[in-house]
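Peer 1: One structure coming up, written as C-alpha cells, with questions to follow.
The values are calculated or read from the model by the stated rules, or taken from the named source; none is laboratory data. Just so you know, these numbers come straight off a predicted model, no measurement behind them. Because the Cβ atoms are built from the backbone with ideal geometry, glycine has one as well, and the counts that use them run over all protein chains shown. Accessible surface is based on the protein model in full, side chains and every heavy atom, while ligands, DNA and RNA are left aside. Shrake-Rupley method; radii C 1.70, N 1.55, O 1.52, S 1.80 Å.
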Amino acid sequence: MAIRILREEGDEILKKSSRVIEVIDDRIKALAEDMFDTMHKYDGLGLAAVQVGILKRLIVIDLYDDKTKFALVNPEIVWHGDEMEDFEEGCLSFPNQFGKVRRYSKVKVKAQDLNGDSVTLEAEGLLAQALQHEIDHLNGEVFKDKIIPGTFEVVTPEDLNKK
Ligand code: NI
C-alpha cells in the first residue's frame, strides 16, 4: 500500500497513449492497490495508471456506494447509446478545475479483472461518465480539452469554505 505521486496538468505524460497489459502479474496488482490508495487519499471517483506515471491500460473506480469499486485492465467501450448528457466533471490531475463535458449516457465496456477474467459492464449515469473519463486518459485525452465552452470554473477548497 502506497500513495503515488499524481501527475498534474502540464505533465506531457497525460497526453500519451497507454499500452495494453499482456500479463497481469504481481506488479500490476500492486499498482492497482496503490491507485486505489492514491484515489481515496484525494477523494477521487476514478484514476488511470497514467495519472501516477505508468503508461499501462489500467483504471480504478470507486463510487463510494459500497458496491461500485473495481479495477479494470484493458477496458474498451464496445457499445454506447445514442443519447448524450452534459456531466459536471473534475479530475485529480487538474486540481480545483471543473466544467461540463458531453458524454454518452449509456455505455458497455469490456475489460479484464485483476484475475485475468473477462468482464462486461453496462453502465449509465455517474458510472458511465467515470468509465468514459478514465478510458479517455488511457488514450491521452483529458477532460479539460472537452469542456463545453462557458462552463469552466476554478473552485478552491477556500471558496467552498466561504459558502
Ligand atoms: Ni481524470
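Peer 1: Residue farthest toward the positive end of the dipole of the chain, with Cβ of Lys/Arg at +1 and Asp/Glu at -1: which of Leu63, Pro75, Ala123?
Peer 2: Pro75
Peer 1: Roll a 1.4 Å probe over the protein chains and send me the accessible area per residue for the chain in Å². Spell out each step's value before the answer.
Peer 2: On the way: 9090 Å² over 163 residues.
Accessible surface, normalised per residue, equals 56 Å².
Peer 1: Related question: Keeping all protein chains in the complex and leaving out DNA, RNA and ligands, what accessible area do you get for Glu33 with a 1.4 Å probe, in Å² to the nearest 10?
Peer 2: The value for Glu33 is about 90 Å².
Peer 1: Which FRET efficiency, nearest 0.05, do Lys146 and Val20 yield, Cβ-Cβ r, R0 35 Å? Intermediate values should be presented prior to the final figure.
Peer 2: On the way: r = 24 Å, r/R0 = 0.68.
The value I calculate is 0.90.
Peer 1: For every helix of n ≥ 4 consecutive DSSP H residues, a contribution of -39,500 (n - 2.57) applies; sum these over the chain, divide by its total residues, and give [θ] at 222 nm rounded to the nearest 500 deg cm²/dmol.
Peer 2: Values: 3 runs with 36 residues, N = 163.
Taken over the chain, the calculation gives -7000 deg cm²/dmol.
Peer 1: Which net charge results for the neighbourhood of Val101, defined as the other residues with beta-carbon distances under 14 angstrom from its beta-carbon, given Lys and Arg at +1 and Asp and Glu at -1?
Peer 2: Working: positive: Lys100, Arg102, Arg103, Lys144, Lys146; negative: Glu85, Asp86, Glu88, Glu89, Glu134, Asp136, Glu141, Asp145, Glu153.
Surrounding charge for Val101 is -4.
Peer 1: Sticking with this structure for a sec: Given a 1.4 angstrom probe, I'd like the percentage of the accessible area of the chain that is carbon and sulfur, rounded to a whole number. Write down the numbers at each step before the final one.
Peer 2: Values: 4320 of 9090 Å².
Answer for the chain: carbon and sulfur cover 47 percent of the accessible area.
Peer 1: What share of Cα pairs, in percent, lie more than 19 angstrom apart in the chain? Can you show the working numbers first?
Peer 2: Working: 7151 of 13203 pairs.
Of the Cα pairs, 54 percent sit more than 19 Å apart.
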